[in-house]
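Have a look at the structure below before the remarks.
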Amino acid sequence: MTAVGDVIGGKFEILSQVGHGGMSRVWLVRDRHLNKLWAAKEIGLAGREPDYEVVVQSLITEANLIKRLDHPMLPRVVDIIEEGRTIFVVMDYIEGTSLKQAMREAGRPMDEADVIEWGIQLCDVLEYLHSRKPPVIYRDMKPDNIMLREDGTVRLIDFGIAREYKEGKSSDTKVLGTRGYAAPEQFSHEAQTDARTDVYALGVTLYVLVTGRAASKETYWQPIRQINPALSEGLEHIIAKATQANPADRYQTASDMRYDLENYEKLTESYRSVLKKKLNRFNALWIGAAGLAVAGAACLGSSFHLKSMTYDAYLASARAASVEAAEADGVSAAEGYYTDAIGVDPSRTETYSELVDRVYKADQDFSIAESSRLQELVNAHRADIEEDDGYAKLCYDIGTLTYVYYEQAEGDESRDYAMSAGIQAAQWFQKAMESYDARKSANKGCALTSAERSTAQAYAIIGEFYQKLSQATLEGTEGSVYEGYWESLSDALEGLSDNDSVMVRLRLCSLINQAVSSPTYLSGFKRTGVTRDQAEELVGKAAQMAESLSADADSSTKAREMCDSVISDSARQVAESNIATVFGSAGANAAQKSAAALGGAQSEEAAQ
């Protein structure tokens, strides 16, 4: 039996039990090497003697899948340990209170406004999971598995890694759901779980939180306003739709559900009636246009003309509208109009580029929410634009936007700013390269230049380095991660030109200085063969470039900060001191070389 004081994996000391489930327990553990707290989920497999290897492999496969996830609302899995007949999955320890415990302590249902905000956050993380390849279906959404932090945000803390093994079906496993929260298809041998399965459980979770009722067949079908008339009609509609027994009758995606949660105040009978009338008038207009098309080609052109006029009207409104974000949802009027224009004609990559340049770069702070909305917009219309010669350039521009301006998640102290930005930007640079290569191999034109393609490759490798380093550092296996990263930094610096923005150039200079100023990074580079001369040369080139951009940097606070992080006296001293620490002082090196030379000469003389 595992107990407090035990050490698992040779380094994780068990401090206390913080949770338990049907076939698992969760422990608070301390890494005795790093003195850092983690959560360790213990999954006992006793009694499965004939099929032990099958079950173990299933658990490890799913845990490894989760290890590849990267979202601020999800815990990172950092280690998987097998000891005897027990599996331990070590992951981030999320401080806070589960929503179940928060409701119990409050002694009442949770406030509707809070529940809706949590629902929006949970839809966001479900959308991320469902968009993985292959999709990740969470399958165990409930208040127990949602942690409320002090800042009001929520985190998912349990991925239901424990699976129920079915006797006689060695090739099949079935995820354990929680009765009351689990969708009907989770307990059907024929049905397949998908994104709509998680939508169902989220709907039940919102029901429980806002009514205080337990999740059971007997209660959660009762409309929430019959329980509390003060609750909104919109939320009642959302929960009712999400918890339909037939998956086809639910929200088909978490994104659809999130949209309604963000607009729940509009989901009233009177509003839907007005919307229906508008839709009918709009349909009548297009039916009329289609009727004219039958009369002749000239009339058919009028429908295209109407579409073009609508697109032009939205685009003109976007250019005239404010780029300052609205207080309610963080979406500016300009962003809304650009999104509408793209909805009318999603094939024009220049509209996306204008949205990037005019809206997202405006405040020099590309927020996590903005990044999510832009990625969703591009993904939704990828089929319309990925064959366009401007698609690779669009991906490149979004990559540089993310690389320079990406906002770090609040409370994410495990990563520095450059690491967060690099990881998020890498996917866009990778798409830019893939599009460029595909078009060139097909002898098609591409708006992305070969020089930009090389830069994209360097930045993609940098982002990949951060991704691997973030994981490897936690696992204590970072030795081989540094291979190739130094060359990528050098290649990226060499590839910069006057065509690259001041911010992009300063970001790379700052990144190089940071790499040289970090004892961990520089020691890693040294182990892969980087010499003192190479370190001094590269950081010198970065400082020289930053110095040349110093005057331009004064126009932006963020640019000024990045410039100072390279050329300030303190920055230079830190870099020089770290080089001396890792490689030894210049004087000591010279003395060692002289001694070696002298020793060689004496040996030669003796030999003679």
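Across region 379-407, which residue is nearest to Leu511 (Cα to Cα) among those that are assigned to a loop (DSSP other than H, G, I, E, B) and modelled with pLDDT of 80 or more? Steps first, please.
Taking region 379-407 first, the residues assigned to a loop (DSSP other than H, G, I, E, B) are 381, 386-390, 407.
In the following step, the residues that additionally are modelled with pLDDT of 80 or more were identified as 381, 386-390.
Numbers: His381: 33, Glu386: 31, Glu387: 34, Asp388: 33, Asp389: 31, Gly390: 29 Å.
Top of the filtered list is Gly390.
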(request) State whether the residues of region 518-536 include one that is in contact with a Leu (Cβ under 8 Å, 6 or more places away or on another chain), buried (at least 21 other Cβ atoms within 10 Å of the Cβ) and within 27 Å of Asp397 (Cβ to Cβ). (result) no
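Go through region 338-357 and give me each residue that's surrounded by fewer than 16 Cβ atoms within 10 Å (Cβ to Cβ) and out of contact with any Asp or Glu (no Cβ under 8 Å at 6 or more places or on another chain).
First, the residues of region 338-357 that are surrounded by fewer than 16 Cβ atoms within 10 Å (Cβ to Cβ): 343, 347, 350, 357.
Passing the criteria: Gly343, Glu350.
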(message) Which numbered condition in (1) in contact with a Phe, Trp or Tyr (Cβ under 8 Å, 6 or more places away or on another chain); (2) modelled with pLDDT under 90; (3) not basic (Lys, Arg) is the only one that Pro135 fails?
(response) (1)
(request) Output the qualifying pairs, or none if there are none: Cβ atoms under 6 angstrom, residues six or more apart or on different chains, first residue in region 378-389 and closer than 15 Å to Ala438 by Cβ and in contact (Cβ under 8 Å) with a residue 24 or more places away in the chain, second residue among the β-branched types (Val, Ile, Thr) and in a helix (DSSP H, G or I). (result) Ile385/Thr349; Asp388/Thr349
(message) I'm told Glu410 meets every condition in (1) closer than 21 Å to Ile461 by Cβ; (2) modelled with pLDDT under 80 except one. Can you identify the failing condition by its number?
(response) (1)
(message) Criterion first (part of a loop (DSSP other than H, G, I, E, B), more than 24 Å from the chain's Cα centre (by Cα), under 21 Å from Ala369 (Cβ atoms) and not assigned by TED's automatic domain parsing to the domain that holds Ile120) does Val323 satisfy it?
(response) yes
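The values are calculated or read from the model by the stated rules, or taken from the named source; none is laboratory data. As the structure is a prediction and not an experimental result, all values here were calculated from the model. No Cβ is skipped: glycine too gets one built from the backbone with ideal geometry, and neighbour counts run over all protein chains shown.
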